[in-house]
Each structure stands twice: as C-alpha cells, then as structure tokens.
Amino acid sequence: MLRLATLFFCFISITFYSLSISADDRIYGAWIEDTSGLRIDILDGFKPGKGAVLAVDKKGKAKIGKWERKSLEVVRLKIGSSEESIKFKNNNSFYWGEKSFTKHAGSNEQTTTLNLKDDTNAFVEKLTKFQWLTSIKSRVATFKTTFSGDSGAVALYKSNKFLGLDAWGISSGVLKIGDTVIVEARISGQNFIGLNDSGEFIIFRSLKKSSPRLATNVKLERVKFFNSLLTDEWVTGSYWKEYLYTHKFRPIYGDLKGVTLTFRGGKHYDDGTWEYIPATGILKIGYTEYVEALIVNNTLALIKKDGSQKFYNRAPDGKGKRFTLADVTKISLNENELDKINKALTGQFQNDDYLYQFEYNKNLRTGFLHKWRSRSFEITGDKFKTGAFYNSDTLYLIEDFVIFDDNEVFKRDISASRLRPKTEQEVIVSQKESEKNLLKAMEKTVLVRISKADGSTVDIPLPISSFSDILSLQIVRE
C-alpha cells in the first residue's frame, strides 16, 4: 500500500514537472501583435523559469524585455514599463493585457542552441554566418573574423546606413564587442542571447545570411590587395558615431607609396603618407606601422604589433576606379615651369576649416598665398552668437582693442591686406567661377610635350581625352 502511494506521488510529481516544462516550451519563439505588427521574440534565459524578450516595432526599433514564471499557470511578461500576465488562447496565440499575439510560422528557439563556453568555434561559425538585428541601440551588425578565428570586425548599420566598425573578440569564454562585455552567451540560427557584466540581457535576431568570407592578405596576394586598396574610397565611423570619415588611398610617389586623403562632411579634413615595405611586410599609414593587413569582403583590417586592430569599410556606390601613377600629374617647381604652376594653382583651395588662394604678380614668379576662414554671426536677444568663439553678451572697448566678454580680444589693424569682404552677388559670381576652374582642372586631355633647346618644355593640349581616340599622329613641317 505504501509502495502504491509512493508510486502515485511520483507519478503526480512527474506529471506536474512535465506540464511546467511544456508550458515554458510553449512561449518560446517569435510572436506578432495582431494590430500593430510588433514582433516579440521570447527566449530561454540562463536560469529556470526566467528569460529574455526582444521586442521590435515596424520601424526596426528594438527593446529588451523579460519574462518570469510565477507559478505553474502564470507567466509574467515585461517590456519597458508594461507588465502583464500571458493568457493563452491556444498553443499559437495569447493575450498580453489587451494585446493579442499570434505565433510566427515555423519559429521555435529550442533547437540547436550552442553555448559559447562549450564550443567557441561552432559559436563563431554561427555568429559570422548571419546579419543580426541587435538590442544595442537597434543596430544591425555583421561579424567578420580577421586575423584569428575568435576575433575580428563588426560592421554596424541603422536603416541601411553604415555607422562604423568595432572590434570583437573572445577570451576565456567571454565575448567582447566594442566596450560591451558579454559573460554568458548562447546562439542558434535564429537568436543570440547574452548577459553582460552587469547582468543585463543582450539579444540579437538573425535577419539573413552574410556573404561568404573572402579574404585577401597583402603578404600572400599583394597585387590583388593593392588593386582593392587603391580602388574608390573607404569609410570609418567617428568616435561618437555622429558622422563618417571618408578615406582615399592614392599612389603618388610610387606603386607602393602614396598619400591618404581624409574627408569629413565632404571637406578635406586630414592627410598623411602611406607606404608598403615588401622586405618587412609592414604597411605604414602616417606614423603607425601595421604588421598585417587584409581585406575581408568589403572591410580593410589592419593589425599593429601589440594586437590592436584598425578597420575601414568600403564606401558604397563606388565607380570601381583603380587609381595608378598614370592618374598623377607631376610638375617640377622651378622657373622653367611657371605657366604650368600658375595654371595648376589657379582657383580656390580648401584644407580643414580654411580656404586658400594663390595670387600671382605679373612675372608669375612671385605673389601671395591667402588663407582665410569665414564664420557667420548674429545678434539675437541679448546675445552675440558666432561659431568662431563662445556666445557673448557684452562688448568692451579700450584703446584700439575690442573685447567680447572674457572670450575673445581683437586689435584694430592698419597693416597692408590683400583680402576684402565680398558682397552676396560677388560671392555667387566667385562660386560659379570656382566651379568652372575645378571642372577645367579635372578635365583630362592628351598633351604633346615639346622639349626646347634652352631646356624648357612646352605642353600643347589636343582636343581629345584619350590616346584611344588617336588613329595616327604626324608632324608636318612647312
């Protein structure tokens, strides 16, 4: 009798345990809100009876939520400030407060889930296989391995706009993405779920498969590497991710040595030299030496001796132009080339916040280099506002000085000046003239160069843009 009671008790216990597991299994997967289209992915957590939720609206904005089993029949779901119990209508639909959700066809998170600490290689294989919508500021992330199988670059996007690149790596079962440290992580073909070092959930949802990995190493495939490096442009995200920097690698001094031109907001912002040294395999950009360099799909990855990495992403919508030394015009800065120098330096130039213009005297050998920067100002209410210095509310005059609060001091000046302010109409005329000069300077023409007996040369432009347009060339002496 006692044995029968014990067996009956065990049967009841096993039955209730099975019901509990089944009830938890039923909530896993993706659910769509019937009216708004809000999607929530309900995932198993790292503790029994608790888990995470990724809520994504139709605009792609992601929120983190959580669920917890309060009893055998009660599961509480919290997203943002809203918290309600789930009430199942059937296995494929439930109410959450007044909202009705239907299960997304074919979704079930409870299959082929890998733990990072159990199998790093298999984990990385899945991480790099997909493009992910993340709970980190609703960004879309694509992970790529670079110089090792457990580290690399992650490209970040939002609304299909490239934001920048960060580094990721795995060490001792811990995943670090940029500044985010994830101490526990599991992954499947549908979702990634992790816990950061503060105990908060990090969730990704797979969107589509990433492109297969194609890598070109500078030491193994130098020609192919530089064909890619010197084509079109590259971009990087700024530190605050507010704007992008555009970088142009151009060969200037040789096939393996040139200049890096950096732009911000379409304006020339910075520049430096680059050089590849075949004997050592070092790629030097500015003053920084990179011991390894490779291009993985559309990402340029560089690594320093200390292991730190630098990443660039291929700029979209490039024309596929591979720049070579044939695109460089070289002019010797000597008195025999004054006409060429004058032509090359005609027009307005820009570097960082300043504009420049070369003004020539009649002899074309002497002149003036003008450098200026124009900032707007306005007086609104009781403030003098300008981008040149801090806003001021008081102007002081003493001797030949003017003082804006404690911000800026100017001295009246009568020294010779070559510059003057322009009227609005003059500005428009100058701008149109600059546009004409720019188009003329960028225009490609075939030149016939004649070397004279006195050592000078004369270039005669032909009304054609390419040698392919020439069928034959003859010199006719009268």
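Kindly indicate whether N115 is exposed (fewer than 14 other Cβ atoms within 10 Å of the Cβ) and at negative phi.
No: the conditions fail for N115.
How many of the residues making up segment 192-251 are in a loop (DSSP other than H, G, I, E, B), polar (S, T, N, Q) and surrounded by 14 or more Cβ atoms within 10 Å (Cβ to Cβ)?
So the count comes out to 1.
Quickly run through segment 44-73 and pick out the residues that are over 26 Å from N160 (Cα atoms) and of a type outside the set (G, A, S).
Within segment 44-73, D44, F46, K47, P48, K50, K66, W67, E68, R69, K70, L72, E73 qualify.
K444 passes all but one of (1) charged (D, E, K, R); (2) closer than 24 Å to W372 by Cβ; (3) at pLDDT below 70; (4) touching a Ser or Thr at 6+ places or on another chain (Cβ under 8 Å); which number fails?
K444 satisfies all of (1) charged (D, E, K, R); (2) closer than 24 Å to W372 by Cβ; (3) at pLDDT below 70; (4) touching a Ser or Thr at 6+ places or on another chain (Cβ under 8 Å) except (2).
Before we move on, is V183 under 24 Å from A122 (Cα atoms) and surrounded by 15 or more Cβ atoms within 10 Å (Cβ to Cβ)?
For V183, the condition - under 24 Å from A122 (Cα atoms) and surrounded by 15 or more Cβ atoms within 10 Å (Cβ to Cβ) - is met.
Could you list all residues from segment 61-82 that are surrounded by fewer than 14 Cβ atoms within 10 Å (Cβ to Cβ) and not charged (D, E, K, R)?
Residues satisfying the conditions are S71, L72, V74, G80, S81, S82.
Please go through segment 360-409 and pick out each residue that is touching a Ser or Thr at 6+ places or on another chain (Cβ under 9 Å) and part of a strand (DSSP E or B).
Y360, F377, E378, K383, F384, K385, T386, S392, I403, F404, E408
Output the residues belonging to segment 118-175 that are modelled with pLDDT of 95 or more, among the aromatic types (F, W, Y) and under 25 Å from V56 (Cβ atoms).
Scanning segment 118-175 gives F123, F130, W132, F143, W168.
Looking at segment 64-87, I want the residues that are aliphatic (A, V, I, L, M) and have a partner that is not in a strand (DSSP E or B) with Cβ atoms under 6 Å, at least 6 apart or on another chain. Which pairs are those?
As it stands, the answer is I64/S135; L72/S20, since those pairs meet every condition given.
The values are calculated or read from the model by the stated rules, or taken from the named source; none is laboratory data. Here the structure is a predicted model, which is why all the values come from computation and not from measurement. All Cβ positions, even for glycine, are placed from backbone atoms using ideal geometry, and neighbour counts span all protein chains on display.
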